[in-house]
Amino acid sequence: MKIFGMSQSTGVERRLYIERGPDGIVLTIKDHDGNKEQERILVQADDLISTITDPSPGGCTVEGVSPAHQWKMSLQVEVRRNEVWLTARPPSGEGADVAVGLDDFQDALEGAFNRG
């Protein structure tokens, strides 16, 4: 499922794709203009869901992997009122961020489970 959002660090319009992977949930962050993929991360569904249903002030980090390269990655997740701020980072420390609506994010997660 595709959700429209925006980078909180650059102001660039982005899209977040959420799909069920073989071992969890795959999140892909792409720029709206040019459809350039910024980051892709595979995380455990239970870890991601618990960060959304029971958010920590200041957010928390969910461990994940790159689906293509199998290297470790991290996903910073912060729920702010009706938004979810996500930042996916590879080992280099650089990464990509996107903020999306909380309801849209929850619907997309549910949709990913129902398709599998």
task = Let me know the shape class of the stretch 4-72, please: from the alpha-carbon gyration tensor, a ≥ b ≥ c as square roots of the eigenvalues, rounded when a/c is under 1.5, otherwise prolate if a/b is greater than b/c, or oblate.
result = oblate
remark   = Note to self: with every protein chain in place and a 1.4 Å probe, the chain gives an accessible area per residue in Å² of 56 Å²
query = For Phe105, Phe113, what's the largest-to-smallest order of accessible area, 1.4 Å probe?
reply = Phe113, Phe105
key: Dipole magnitude of the chain, debye to nearest 20 (Cβ charges: Lys/Arg +1, Asp/Glu -1, about Cα centre)   = 220 debye
key: Ellipticity estimate at 222 nm from DSSP helix runs (n ≥ 4, -39,500 (n - 2.57)) divided over the chain, nearest 500   = -6000 deg cm²/dmol
request  = Would you kindly find the accessible area of Arg89, with a 1.4 Å probe and non-protein molecules such as ligands, DNA and RNA excluded, rounding to the nearest 10 Å²?
outcome  = 90 Å²
key: For the chain, alpha-carbon Rg relative to the globular expectation (2.2 N^0.38 Å, N residues)   = 0.95
request  = For Lys72, list the aspartates and glutamates whose Cα falls under 16 Å from its own Cα; do not include residues on the same chain fewer than 8 positions away.
outcome  = Asp23, Glu39, Asp47, Glu63, Glu94
task = Whenever you get a sec, compute what percent of the accessible area on the chain sits on carbon and sulfur atoms (1.4 Å probe).
result = 45 percent
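The values are calculated or read from the model by the stated rules, or taken from the named source; none is laboratory data. Predicted, not measured: the structure shown is a model, and the values here were computed from it. Because the Cβ atoms are built from the backbone with ideal geometry, glycine has one as well, and the counts that use them run over all protein chains shown. All accessible areas refer to the heavy atoms of the entire protein, side chains included, with ligands and DNA or RNA removed. Shrake-Rupley method; radii C 1.70, N 1.55, O 1.52, S 1.80 Å.
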